[in-house]
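S.K.: There's a structure below that I have some questions on.
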Amino acid sequence: MSSELDAIRTLLTSKPRPIGWEQRRQRLDEVGSVWPAAPDITLEAVDLRGVPGEWSIAPGSDASRVLMFFHGGGYCSGSILSHRRMVTEAGRAAAVRTVAVGYRLAPEHPFPAALDDARSTWHSLRAQGISARSIAVGGDSAGGGLIVALLTGLRDSGEDLPGCAWLVSPWTDLTMSGATLATKDTIDPIVHRAYLDELADAYVPAGVDRNDPRLSVLFADLTGLPPLLVQVGSAETLLDDAVRFAAAAGAADVPVTLEIWPHMIHAWPVWNARLLPGRQALASAGSFVRRNLRSAGTA
């Protein structure tokens, strides 16, 4: 495993992070799509009320149940392409259909554009007759924060909630108050405080407080949310974002499972094709989704 992880670390650090946003997006697509979707996966582009998406399904999966996934990338990069291998293999592990969401990115489209797109895609699925309890929502990094903001908004508007939610390495605190931003800085190959500040500056409009619970879901009222699975690596600067969020959810009586994976780096399941713990994390997530969508069919 250590040699596999070393190879992924080498991939991620082989080139310095580009300066421009477009170059950064190209770089994340490049490192995320080194290993493409497996040849037995069926892919289909879809328009989700104006938001681009991509359906995927592995042989033997239940097309009536859906994992809706929001990629990471600090709200400024990431794409359907960069996370295709992770999303499609998560669908295989859960034996469900997946839809990956290509929401709008900052700085061209700052907050609340991504959240508006998340709501649009949710309502698009519901309008297709898919019951809320037949849908799991998932996201990594910024996508993890985004799905929590989606859930709290749905709850506040009295709408049906999905069957469960799956968060990988979630970015839950845009005020950057977690202690591991400092204590894990030397071993995290991807995420560092200065980079997060740059992303937050690009995403959060002037005059909007980063404490806003739609931005920093760590500070949201989490009461009434569906079962949550939070997965994070021990080598992440965002470890505290995951741990504190899971504790807050538990304190609000939300059924929550926190998995801290030894030695793993930010969003490690992206590289599941060549990283055993990535595949193991997806297997755990798949089991979680299957359990919580078991009673699908009710609205």
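S.K.: Enumerate the pairs (first residue in the range 105-129 and without any contact (Cβ under 8 Å) to a residue 12 or more places away in the chain; second residue anywhere and of a type outside the set (Asp, Glu)) with beta-carbon separation below 6 Å, excluding pairs fewer than 6 apart on the same chain, so at least 6 apart or on different chains.
M.R.: Pairs that qualify, where the first residue is without any contact (Cβ under 8 Å) to a residue 12 or more places away in the chain and the partner is of a type outside the set (Asp, Glu), are Ala113/Arg104.
S.K.: Moving on to the next point. When you look at Arg133, is it assigned to a loop (DSSP other than H, G, I, E, B), more than 30 Å from Ala7 (Cα to Cα) and modelled with pLDDT of 95 or more, yes or no?
M.R.: Numbers: assigned to a loop (DSSP other than H, G, I, E, B): no; more than 30 Å from Ala7 (Cα to Cα): yes; modelled with pLDDT of 95 or more: yes.
For Arg133, the condition - assigned to a loop (DSSP other than H, G, I, E, B), more than 30 Å from Ala7 (Cα to Cα) and modelled with pLDDT of 95 or more - is not met.
S.K.: Still on this structure, please answer the following. Quick check on my filter: what residues within the range 258-297 are open to solvent by less than 60 Å² (accessible area, probe 1.4 Å), out of contact with any Gly (no Cβ under 9 Å at 6 or more places or on another chain) and over 24 Å from Tyr195 (Cβ atoms)?
M.R.: Glu259, Ala273, Leu282, Ala283, Ser284, Ser287, Phe288
S.K.: Can you go through Phe245, Phe219 and tell me which one is closer than 24 Å to Gly163 by Cβ, among the aromatic types (Phe, Trp, Tyr) and out of contact with any His (no Cβ under 8 Å at 6 or more places or on another chain)? Lay out the reasoning, then the answer.
M.R.: Details: Phe219 fails: closer than 24 Å to Gly163 by Cβ.
Among Phe245, Phe219, only Phe245 is closer than 24 Å to Gly163 by Cβ, among the aromatic types (Phe, Trp, Tyr) and out of contact with any His (no Cβ under 8 Å at 6 or more places or on another chain).
S.K.: Would you please name the residue that is farthest from Ser177 (Cα to Cα), looking only at residues in the range 221-253 that are in a loop (DSSP other than H, G, I, E, B) and open to solvent by less than 20 Å² (accessible area, probe 1.4 Å)? Walk me through how you get there before you give the answer.
M.R.: Residues of the range 221-253 that are in a loop (DSSP other than H, G, I, E, B), as a first pass: 221-227, 234-238, 252-253.
Those left that are additionally open to solvent by less than 20 Å² (accessible area, probe 1.4 Å): 222, 225-226, 235-238.
Numbers: Leu222: 19, Leu225: 24, Pro226: 26, Ala235: 17, Glu236: 14, Thr237: 11, Leu238: 10 Å.
Across the range 221-253, the extreme among qualifying residues is Pro226.
The values are calculated or read from the model by the stated rules, or taken from the named source; none is laboratory data. All values derive from a computational prediction rather than experimental measurement. Neighbour counts are summed over all protein chains in view; Cβ atoms, including those assigned to glycine, are modelled from backbone coordinates with ideal geometry. Heads up: the accessible areas ignore ligands, DNA and RNA and are worked out on the full protein's heavy atoms, side chains in. Shrake-Rupley method; radii C 1.70, N 1.55, O 1.52, S 1.80 Å.
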